[in-house]
Structure formats: C-alpha cells, structure tokens
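Values quoted throughout were computed directly from the atomic coordinates according to the rules given, and no laboratory measurement underlies them. Please read all numbers here as calculations on a predicted model, not as lab measurements. Neighbour counts run over all protein chains shown; Cβ positions are idealised from the backbone, glycine included.
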Amino acid sequence: MGRGFAEQSMVFVQVIVGGLLLGAIYALFSSGLTLIWGMMNFINFAHGEFVMLGMYAALLVVLYLGGSPVAFGAAAALALFGLGVAIYLALIRHVVRGPMLSQILSTFGLALLLRYTAFFIFSANFVSLPQTSLSGTLNLGGIFLPVAQLVAGVTAIVLTIALHVLLTRTTIGSRLLAVAEDRAAAMLMGIRPDRMQALAWGLSAGAAGIAGALLATAYPWSPSVGETFGLIAFVTVALGGFGSVLGSLYAGLIIGLIQAISAYWLGAIYKDIVVYGLFVALLWFRPQGLMGKA
Amino acid sequence: MKQPISPRAGVCLLAAVLLLFPLVFTEAFYRDIGVAFLLAAISASAWNIVGGYAGQVSVGHSMFFGLGAYAPLLCYTLWGWPLVAGIPVGIALSVGLALIIGLPTFRLSGHYFSMATIAVAELIRIFFGTWALVGGAIGLQGPAVARGWWDLTFRGDLPYYYIFLAVLGLLLFVTFEVGRRRFGFYLRAIKASERAARSLGVPVRLTKLKALALSATFTSAAGSLYAVKTGFIDPDSGFGILVSVQMVIVAALGGAGTLFGPLVGALILIPLQTAANTWFGGSGSGLTFILYGGIIVLIARFEPGGLHELWRRLAPIVWRRAHAA
Amino acid sequence: MLLDARNVTKAFGSFWAVAGADLSVAEGEIVGLIGPNGAGKSTFFNCLAGDTQPTSGRILFDGADVTRATPEAHARAGIGRTFQVPMTFEDMSVLDNVMVGAFLRHPHRSDARDHARRIVELTGLRPDQPGRSLGTPGRKRLGIARVLATEPRLLLLDEALAGLTPTELHEAIALVQRIHETGVTIVIVEHIMEVIMTLTRRVLVFNQGQVIASGRPEQVVKDEAVIEAYLGRGARSHA
C-alpha cells in the first residue's frame, strides 16, 4: 500500500514536471503572439502554423544537413524570422488598418494555406526527429525525464525571459514598445513604426520557430498540430494578459500544468477540452487575464 | 449607370432559373450539384448576417451547423422523434450557444469574438467525439426508411431541392427585410464604426447578439437539412473547421454584406469543388483547401468586398469602353 | 443647469489628465473649451460624452447622474457629440448615415427617413452622395448632421471646425449658429480663436488638467495665466 502510494505520487510528480516543461514551450511561442497583440492590436490566426513550420524546418535541417540541436534550432529561428517579416511586408501591413473581415481572414486564410500545403508536402503521418544528441532519459530521484524534454523546457524558459529582457531593457525593445504605446509619438521621435512592426513579426515568428524546433526534439508531430498550438496560444495569451510576455510565461506554465493534470485524471482526449473550456471561462470572467490590458 | 434589367426583374429571373433547374436538368449529377449549391448558399447567407452585415467575423460557425445537424438525429436515436421535430431543438440549442459566446465577447474587441468561435467549435467537436450519447467518433444515423413525410427522408433529390430552395428563399427574404429596417442600418453602422454608432445611441451589444442569434438560427437549420438529407452525421462533418471555412469563403468571395454575394460565391465554388473532387480524387480535398486558403488571403488583401465590390469598381469602366467602341 | 460637472478627475496610471475640473452649462448657452495641446480638455470632453469613465467626480445632466453612463445612454438622454476624426459610415450614403442617428427617436423607417432628409437639407449636404466620396469638410458636416438627427439637447462639438478653408469656416460657423438658434445647448472644444470669439459667450481655459480661467472670450484672452499657459513664462511681460 505504501509502495503503491509512493509510486503513484512519483507518477504524479512526473506528470507535473512534464506538464511544466511542455508549458514552458507554450510560453515561448505564446509570447510571440502576445507581442503582436500588444503592439498592433492584431491576432495572428496562423501563429500555430509558424510553430508547426519550425518543427518541419528542424526536421529538414537534420535530414539533409545533419547538425546539432543548436544548429537546427537556429535554422528554424532564422527561417521563421524571415517568414514573419515577409508576411508582415506582403500582407499584414496592408490589412491592419482595413475592415475587420480583412484582418481576421488574412491570417485565417494564411493558416489554411500553410497547414494544407504542409499536409500536401509531408502527408498527415506523425513524424519525429531521428536520434540527436538529446536522446535518452534521465532518472532524477525516481522521476524519468526524457533529456530532450528537459532541455527543451529549460531552453524555452530562458528564451522567453530573454525576449522579455529584450523588450524591456534594450533600446530596440523600448522602440518596439514606443510604437505599441503611441505610433504618432514614436514617429515624432524618429522611430519608424513600419520597421518596428516588421521586426516584431520577425521576432514573433522566430519565437514560434524556435519553440517548434524545441518541440521537435522531444515530441512527435504532424501538420495538424498547428491548429492545436494556435488555440493553445490564444488561451495562454488570454490567461497571461494580452501584451505581456511575462504573463505568457506564467500562463504557459499554468496551461501546460492544467493540460497534463487533465490528461492524467480525465484521460488524454480531454486535455484539450479543458484548455478550450478555460478559454471560454476567461472570456466570461477575466478577459484581461493575469497581467495585461484588455 | 443604366442597368440592362431592373433589380426586380433580375430577382424574378433568378427565381425562375432556380425553380426550373431540376426540371430541365434531370440527371442525378446535376440535381446533386443543385442541392449542394443550395445548401452552401443557405449556410453562407446565414453566416453573412453576422459576418458580412454586422462585421463580426465568425470562423467557427460550424458549431451552429453541427448542433442543427445532430439535434434531429439525436432526438430520433434517443426517443424516436420525427426528424422534423428535432429541427427546432437544434435551433434552440444554437441560439443558446450564440448567447453564451456573444454575451462576454461582444463587449470586447472583434478579435475576441473570432477567437472564441474557433475555440468553441473545436471544443464541441472534440467533446462530441468522446461522448457516447451522441455516438462518439462514429456519429449518428437517421431512419433507414421514412416513417412518414415528417422524417424528410426521400429517395431522389428532387424534394430536397425544393425544400432547400424554400428555406433559401425565406432566408434571403428575411435578410432583405431586416436590411431595410432599423436593425439593418444599425448592423451596417456597427460594421463601419462601432464608436460612432454608440455615440448615436445604437445599442451595440444587443444588436450584435440579435444578429448572431438570427444567424445561428438559419445556420442550424442548414445543418438540420444536411443531416436529414445525408441521413448521417459525425463530429467532423458537423463541427469540422472545413464546414466553417466553406461558409466564410462562399460568402466572402461573392461579397460579404451583400444579399446575393453568398449565392454568387456558391455558384462559383460548388462546381469548382465538385470538379476538383472528380479530377483529383481523394487528394482533391487537400488541394481544394490550399486553394481556399489562397483565395481567402487574396480576398483579404485585395478585395474584402469580394466579387460584388470588384464588379462595382470595374463595371463603369467596362461600360464606358463598350459604349465608346 | 442643464449640465453640471463637479470635480471631475481622470487618471491614467499615475498621470492625472484631468485633475479636478468643474463645468456648469445652462440651457441655451454656447460654451467654449480651449487650452494648449495635452491640457486635458479632450479627456474632459470624453468624460462628458461618456466615452471615458472619470476616476472621480460627478456629472449631472438635467438632474440625472450620467457620470458612469455609456455613450448609448448619453445619446438617449439627449447628449450628442461629434468626433475630431469624423468616422463616417463609408459604405452608406449621406442620407443613410443620418438615418442611423434618426432611428434613435424614430424607430420606423419612413419617419426616420423624413427626419433625416430635413436634417440633410439643413446642413446643406446631398442625400445620395456615398459617404466615402466626401472630403474632410463634408465628413465633418455629416458628423454634425448625424448627431443632430438624434435630437440632442446638449451638443458637444470636438474640434468640428478644424481644417477648413476660410469660406468653409464661415459656413460652418453659420451652421452652428443655426443649430444654436433651434434651442440646442452647445459645448465646443476648439483651437481656432475666430470660432471661439464669434460663437461663444463664455470660455473655459484648460491647462494641465485644470480650469485656469473662465469668463467672456475677450477677457480670457487677456488673462495672464492663460497667456502663460499658451506661450510660456516670459511671454507675460510682453502682453
């Protein structure tokens, strides 16, 4: 009886740790989404697809160029950064001052385009990265943690905090925030809003891309994950507060935790239902989330 | 600009064409397309009320379609009800859901509403896939043989065609009437500028809720019609994102916020979809959605008013050239 | 007193945009609000119009407390406002734009249309012109027509006459006078001194969130505190 309880609590601790580690990655890509919302009052419905593309970018780099996790992580980040800037220049800046239909449909259509192109190219099968230097499992006092999950989670936390520091403590960050606060005033100060917004899109997509590469090291995926991650990003940003990167950090960890516990107690099928249900509850009771402006 | 035919004559002509179509083209293939066209037109026109006229962009409208589709089949499976009786049940559920979503989100900016629609549609889809009562992942079926007219289970497409046509006619009539009255003006004002509308005394939140409820009602009806015709429903065909996407693209392509935009969109996209499925087989649907995604982005980027707006801008130029020649 | 605003404050975080302002307007008056940019007059104006909730203070309209009322409630109570940036309903005609306002007091389409037509005539616009084809002066005039259709007792004009040529300005001033003659009380925020001098009989000067001077326009422009507010210290001795 005592042994059974110890084992069960070990499993539970494992569930919690696993949830937090995954939640850290949620925090990372969600901080990209919240950055755009805070800056431009714009929601990117294709953000989940950016994460998904990051995962495939990592796969392609590993398959064709070989390379360490750092290499394919950087590759995914750069590729998605470029994609983010390109999308801003070609599409977003033209619709952002237009009717709501344009704004919503622009990234919604983009999501479909990216998702189904990925289905077409990669098929709907789940894939995972071949063996990397992060394979294997650690045994930390009875808890079994895949190395990849641990490294991915910790890296995600570090990167999210780095993004927060970038925004709040550097010159470029204060320029980004200035444009978010007051576009006209920023222009008077010699800051070019268009450039800053393009940069923000690059950072947002880049964050999603790295998050994708990190996820790829530890979890299998298919093109369908974009839709799920996109919704998780919405919930995380809503919980953390639109515009707050730190808020996304806390919220991401919480969402990861809630998801893991729901899967453990209710069954894997229910983990997403609980998270989406939480979203609806947030809209009803606390739309400004933990730390942001509504 | 002088028009070749008056609007009233144009509508009569359209009605005549639609009424006579299945009598002239009697093969099953044509009637199939006709029914698919009508269903797409109904769904898109229903979406159009809240997404086109009021400017509140729902990308999860399948939630109402799905509820409308499940209700008759569920009432039949559980209690043996006639399928017709399940249709009002679906509508009631959809209106209730509309309030659950609209009440909190309509006091926030438009993006919240859009996000909520996609999240709730997914939530319901996954949930229904796990719920044994509604058939789980397998779904529900209708009666194999009609027990009476009230099961709306006919052999052949002709009765369905005319029922769907009647519903479409009713929906377009309601949309037209609503558009002419105060409610319609308020919807368009909200779409153009909520802040200005508010300052003129427009009850913005209440008006949006009414629009959503009206839209949900007809979307639910469309779902019910789909279910009684196919005799089958499952979470994906009811609540899937592709159901939502089709409503949006059909309306937006033709012209969101116009009365006949959804019909034009359906007229173009349904034959296109059918052709793609025939040519490409299974992979056709994958390509179709790449195309849909691309079309939606192009509409958003270049012509949010759809083909209607494009026509409005180009027609005077075409006219002038034709007259000058 | 038709409008009675007492000790209104509005804080954004630790910044007090409005730091205690009073305004009483009797029925039939035209009152001006002036002050340098950033003085808080627009924020105060938005508090009066219901667009912003004051942090503290009380606003009464004809005895009723409208301090926290929504913009819709303000309109229904009889307070109308225009916007600095007109916010025309682009896809609707001039007449339809005005009808949106008219529907507030005339729920039936034909009544609303008749009422709107009269207003459109009064303001000198063409009813069938599409909203989007109007230039800035037309849009500003349409903004006034739209809110007039709601039959306000108090009209709040937010820089409604900015950016007009001298001819347009004179026409606009004449329009505001015509409106005033029909019995509408007006509060006007404005930078253009000609407007203030011609139209208003009483002026309040804002600076740094507070009213620093009030009185007849001719007196106020000579007030030392007012000159200092606009031109800075040093300008005083040259007045």
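The table below lists the values:
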read-out: Local net charge near C:A17, Cβ-Cβ under 11 Å (Lys/Arg +1, Asp/Glu -1); value: +2
read-out: On Cα atoms only, tilt of A:147-169 relative to the major axis of chain A in degrees; value: 30 degrees
read-out: Pair A:T137, B:F176: separation of 7 Å Cα→Cβ label points (nm); value: 6.8 nm
read-out: Separation in nanometres of the label points that stand 7 Å from Cα toward Cβ, at A:V96 and C:E121; value: 4.8 nm
read-out: Summed residue charge, Cβ within 15 Å of A:T168's Cβ, Lys/Arg positive, Asp/Glu negative; value: +1
read-out: Ranking of C:K222, B:K210 by count of other Cβ atoms within 10 Å, fewest first; value: C:K222, B:K210
read-out: Global geometry of the stretch B:180-325, whether rounded, prolate or oblate, following the gyration tensor of its Cα atoms and the 1.5 cut on a/c; value: oblate
read-out: Magnitude of the charge dipole, the stretch A:125-200, Cβ model with Lys/Arg +1 and Asp/Glu -1, debye to 20; value: 160 debye
read-out: Cβ charges +1 (Lys, Arg) and -1 (Asp, Glu), total dipole of the stretch C:3-238, debye; value: 160 debye
read-out: Computed lengthening from C:H108 to C:F15, 0.36 nm per intervening residue step minus Cα-Cα distance; value: 28.9 nm
read-out: Modelled FRET efficiency - R0 41 Å, A:S123 with A:A74, Cβ distances, 0.05 increments; value: 0.95
read-out: Inter-site label distance for B:D32 and B:F232 at 7 Å from Cα along Cβ, in nm; value: 1.4 nm
read-out: Cα gyration tensor shape for the protein assembly as shown, rounded if a/c is under 1.5, else prolate or oblate; value: oblate
read-out: MRE, 222 nm, helices only [DSSP H, n ≥ 4, -39500 (n - 2.57), over the protein assembly as shown, to nearest 500]; value: -21500 deg cm²/dmol
read-out: Fewest-first ranking of B:W311, C:W16, using other Cβ atoms within 10 Å as the exposure measure; value: B:W311, C:W16
read-out: Cβ charges +1 (Lys, Arg) and -1 (Asp, Glu), total dipole of the stretch B:127-209, debye; value: 620 debye
read-out: Gyration tensor verdict on the stretch C:72-147 (Cα atoms; rounded if a/c is under 1.5, prolate if a/b is larger than b/c, oblate otherwise); value: oblate
read-out: Residues A:F50, A:F234, B:F232 arranged by fewest to most Cβ contacts within 10 Å; value: B:F232, A:F234, A:F50
read-out: Tally of Lys pairs whose C-alpha atoms are under 30 Å apart, taken over chain B, 8 or more apart or cross-chain; value: 4
read-out: Furthest towards positive pole of dipole, A:N125, A:A251, A:G109, structure part the stretch A:2-285, Cβ charges; value: A:G109
read-out: Amide N proximity, the stretch B:163-199 versus B:L19 label position 7 Å along Cα-to-Cβ, cut-off under 18 Å; value: B:163-174
